[in-house]
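Read through the structure below, which is laid out as structure tokens, and then see the notes.
The values are calculated or read from the model by the stated rules, or taken from the named source; none is laboratory data. Keep in mind that what you see is a predicted model, and the values were worked out from it rather than measured. We place every Cβ from the backbone using ideal geometry, glycine too, and count neighbours over all the protein chains shown. These accessible areas exclude ligands, DNA and RNA; they are computed on the full protein's heavy atoms, side chains included. Shrake-Rupley method; radii C 1.70, N 1.55, O 1.52, S 1.80 Å.
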Amino acid sequence: MSDAESVGADASPVVAFGRLVRIALAPSAIADVLTGLAIGYAGSYPDSPLAWLLVPASFGVYHGAMALNDWSDREEDARTRPERPIPSGAIAAPLALLISLVLLTGGLMWAGAASPRAGIWMLVVAASAVAYDLAGRGPLRGPLLLGLCRAGNLGVGAAAPWLMATTESGPGPFPVELVPLLLAYGSHVFFLSRLGRLEDDEDTGALGERPADALRGVAATAALLPFAAYWAVRGAGDGPGPALVGLAVALGLGLKNAAGARSSAREGGEGGWTRADVGRATGGCLRRLPFVSASIAAAALLLGPMGPTAALFALVGGKVSGSLRRLFPLT
């Protein structure tokens, strides 16, 4: 029996809470915001201390949505995953809903404290997450909503200079150089979500080559993200040298992430895909998400201190997430 399966009604409240909100994914969510700040401020630390409020804002919205997901799935989990906090009795369903609402509300309050526009941005992210949890399942709608959520989480940091502009003339036009990066990251999460939904009974069709197709999408977008990040910061710094060095480092990380997804595609398809194979592949991709964030932050590695700060946090966070998952499953 695994650590995850052994955690049931007798779990401590701390363990049950951590499993409810998927606390092992916290480094990934926070790394997204820090990475976004590194890109948005072209490697420099934010010029306003209020920008750091986006970190607890992201934590609240992300993990509040995770708790709401478990609350929404409680009846299905009772049949397929009885060890989860709600069906096991470790956390009562009304309490789980309350935890979700408190975290979501708190996250939006932190974002609004950073700036009104940041509050609106995170409200859209939270609404997308709630829509997914309550009514957004499906082979395309669900992954699209999750991709929008994670792209928005990265984007709130990347667009922070624009979101927090306080000039009398307004914030000016949206920085369009961020669009390729947000599209690429949203697509990466889209393909990962397409893979993840094949793990459960939510999709009852024959697996065929669908897991391998999703993993190829994960790999392709992992390799594309460093170029999109470079595009966002290419004009910063003294000449093209620092940004090009950052691109080289970012590309190395991106290709490593892509190789991991391609390896999962080959291994899973050798004897025909099973749900267990999909689960292992999904877990591997989730564990690599902080390293995907690091590959984006690396584009700003030599542009200022925020680039290495975000990249280091993402890399260390990936290791922490890997340790936490033994007690707090990622899915």
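Please report the orientation-averaged projected area of segment 47-159, defined via the convex hull of its C-alpha atoms, in nm². Don't skip to the end; give the middle numbers.
Values: hull surface 28.9 nm².
Mean shadow area of the hull around the Cα atoms is 7.2 nm².
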Unit charges on C-beta of K, R, D, E only; dipole of segment 97-250, Debye: 160 debye
Segment 44-77 and segment 103-168: distance between their alpha carbon centers, rounded to Å: 9 Å
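Could you give the length gained by full extension between Ser44 and Glu76, i.e. 0.36 nm per residue of separation minus their alpha carbon distance, to one decimal place? Each step should come with its number before you reach the end.
Details: separation 32, 0.36 × 32 = 11.52 nm, distance 4.62 nm.
The span from Ser44 to Glu76 would gain 6.9 nm if fully extended.
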Label points 7 Å out from Cα along the Cβ direction at Ala165 and Phe227: separation in nm? 2.9 nm
Paramagnetic reach from Lys256 (point 7 Å along Cα→Cβ, amide N under 20 Å) across segment 304-331: 306-325
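Per residue, how large is the accessible surface of segment 193-331? Use a 1.4 angstrom probe and give square angstrom.
On the way: 5940 Å² over 139 residues.
About 43 Å² of surface per residue is accessible.
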Can you give me the angle between helix 275-297 and the longest principal axis of the chain, using Cα atoms only, in degrees from 0 to 90, rounded to the nearest 10? 20 degrees
Where only protein heavy atoms count, and the probe is 1.4 Å, what is the accessible area per residue for segment 1-159 in Å²? 40 Å²
Which is farthest toward the positive dipole end of segment 1-141 among Gly112, Ser58, Ala29, measuring Cα position about the Cα centre, with Cβ charges +1 (Lys, Arg) and -1 (Asp, Glu)? Gly112
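With only alpha-carbon atoms in the gyration tensor, what are the semi-axes of the equivalent ellipsoid for segment 121-246, in Å, largest first? Write out the running numbers ahead of the final one.
On the way: eigenvalues 206, 87, 11 Å².
Equivalent ellipsoid of segment 121-246: 32, 21, 7 Å, largest first.
About the Cα centre of the chain, how large is the charge dipole given +1 on each Lys and Arg Cβ and -1 on each Asp and Glu Cβ? Please answer in debye to the nearest 20.
Details: 25 positive and 25 negative charges, 86 e Å.
Taking the Cα centre of the chain as origin, the dipole is about 420 debye.
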Computed P(r) (all Cα pairs; segment 203-288; 10 Å bins; percent): 18, 38, 23, 14, 7, 1
Bin width 10 Å, origin at 0, all Cα-Cα pairs of segment 173-331: what percent of pairs per bin? 12, 36, 32, 15, 5, 0
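Could you grab the relative contact order for the chain? Cα pairs under 8 Å, six or more apart, rounded to a whole percent. Write out the running numbers ahead of the final one.
Numbers: 589 pairs, mean separation 83.7, N = 331.
This gives 25 percent for the chain.
How large is the convex hull of the Cα atoms of the chain per residue, expressed in Å³ as a whole number? Could the numbers behind the result be given before it?
Numbers: hull volume 39.4 nm³, N = 331.
Residue-normalised Cα hull volume stands at 119 Å³.
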Between Leu123 and Val14, with labels modelled 7 Å along Cα→Cβ, what's the label distance in nm to one decimal, could you check? 3.7 nm
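Give me the percent of the accessible area of the chain that comes from carbon and sulfur atoms, probe 1.4 Å, all protein chains in place. Kindly include the intermediate steps, with their values, before the conclusion.
Values: 9160 of 13870 Å².
The value for the chain is 66 percent carbon and sulfur by accessible area.
Tell me, what is the Rg over Rh of segment 238-331, with Rh the Kirkwood radius over Cα pairs?
Working: Rg = 15.8 Å, Rh = 14.5 Å.
With Rh from the inverse mean 1/r over Cα pairs, Rg/Rh is 1.09.
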Only Cα pairs under 8 Å and at least 6 apart count here; give the relative contact order of segment 1-118 as a rounded whole percent. 37 percent
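What's the extension gain from Ser263 to Thr204 if we count 0.36 nm per residue and subtract their Cα-Cα distance? Mind showing how you got there, number by number?
On the way: separation 59, 0.36 × 59 = 21.24 nm, distance 2.49 nm.
The Ser263-Thr204 span can extend by a further 18.7 nm.
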For segment 257-305, report the convex hull volume of the alpha-carbon atoms normalised per residue, in Å³, without decimals. 51 Å³
On full extension of the chain, what length is gained from Ser323 through Leu134, given 0.36 nm per residue of separation minus the C-alpha to C-alpha distance? 65.0 nm
